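As structure tokens, the structure follows; a few thoughts come after it.
The values are calculated or read from the model by the stated rules, or taken from the named source; none is laboratory data. Given the structure is predicted, the values throughout are model-derived calculations rather than measurements. So basically every Cβ, Gly included, is an ideal-geometry build from the backbone, and we count neighbours across all protein chains shown. Remember, those area values only see protein heavy atoms, side chains included, never the ligands or the DNA or RNA. Shrake-Rupley method; radii C 1.70, N 1.55, O 1.52, S 1.80 Å.
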Amino acid sequence: MTKKLPEELRELAISLRREGKTYREIAGSLGVSISTCSLWLHDVPAPERPGYHQERVAAMWESRWAPYHTAREQARLQRKLTAAGQIRALTDRELIIAGALIYWCEGAKDKVYRRSEKVNFINSDPAVITLFMRFLRAVGVSEERLRVRVHIHETADVEAAKRYWAGIADVPVDKFQKTILKRHNPKTVRKNLTEDYRGCLQVLVLQSAELYQRIEGWAYACMLGEEGAEAFFRERSERMLGRLARPRPPSPPAK
């Protein structure tokens, strides 16, 4: 048993550990097992070994891998630039296609069981907001029908965020509606509260039922083709009419 080993041997093991020796080196020197060393030395901190300082290790790692990471980043950048060069300026038709699809991915949608045909879009990506605002103006939405507001964490700089989004959306700050603040929860570990955190921008369009219906038509035609979209809409309309035809349950008698 470990407790029967000579105390002198244990003290020698502690001394070797403080000199920076590993468990394997100590076990080999003293003729004991590594598990015995672990029992003796679990509370003895290992000093830094000469020549293995963290800074030196980091420098060695960087010198070895930096050329590789640089080459990968250059290749990544070139692929993105090449792809961007293939797009050119969007035509009005292409802008409508892109706008309808991003709305269908990110915007609020009408349901058979909950009718809500209005354009309501929220996103944190400034490029997505830029495209969506271009889309709205391309389909004839006037500035008077636009309503925008910021959704942001209460610990952030709200006024700076409003100025930022005003520049992105090309809407004056004084036209913004009341900001929606997200309350702070100490238990939540948030990783997006950096200096460039600006929350999300919500874009609503007043009197937008007809525009919503057009967006839905454009989006489904892109996804399913004209015939597929027609079949989808007819089936959905029949389901809606079927729900309307169902008799409603009688109201409970008044007490």
Every residue in region 132-181 that is of a type in the set (K, R), open to solvent by 90 Å² or more (accessible area, probe 1.4 Å) and closer than 24 Å to R93 by Cα, please. R134
Is it the case that region 158-169 has a residue that's assigned to a loop (DSSP other than H, G, I, E, B), under 29 Å from Y220 (Cα atoms) and in contact with a helix residue (DSSP H, G or I) (Cβ under 7 Å, 6 or more places away or on another chain)? no
Considering only region 35-53, state which residues are assigned to a helix (DSSP H, G or I) and either polar (S, T, N, Q) or modelled with pLDDT under 85 (or both). S35, T36, S38
Anything in region 85-95 that is modelled with pLDDT under 95 and under 26 Å from the mean Cα position of the chain (by Cα)? List them, or say none. I87
Residues A127, A98: which one is open to solvent by less than 60 Å² (accessible area, probe 1.4 Å), modelled with pLDDT of 95 or more and assigned to a helix (DSSP H, G or I)? A98
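Yes or no, residue by residue, for (1) modelled with pLDDT of 95 or more; (2) open to solvent by 70 Å² or more (accessible area, probe 1.4 Å):
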| site | (1), (2) |
| --- | --- |
| R183 | no, yes |
| T188 | no, no |
| K191 | no, yes |
| Y197 | no, no |
| C200 | yes, no |
| L204 | yes, no |
| L211 | yes, no |
| E216 | yes, no |
Please verify whether S116 is free of Cβ contacts under 8 Å to residues at least 12 places away in the same chain, among the hydroxyl-bearing types (S, T, Y) and within 30 Å of L241 (Cα to Cα), treating the condition exactly as stated. yes
Report whether or not E19 is surrounded by 10 or more Cβ atoms within 10 Å (Cβ to Cβ), modelled with pLDDT of 85 or more and of a type in the set (D, E). no
Using the structure shown, decide if P172 is farther than 30 Å from F232 by Cα and free of Cβ contacts under 8 Å to residues at least 40 places away in the same chain. yes
List pairs: first in region 229-244 and over 16 Å from Q213 (Cα atoms), second modelled with pLDDT under 85 and among the aliphatic types (A, V, I, L, M), Cβ under 7 Å, 6+ apart or cross-chain? R239/V112; R243/V112
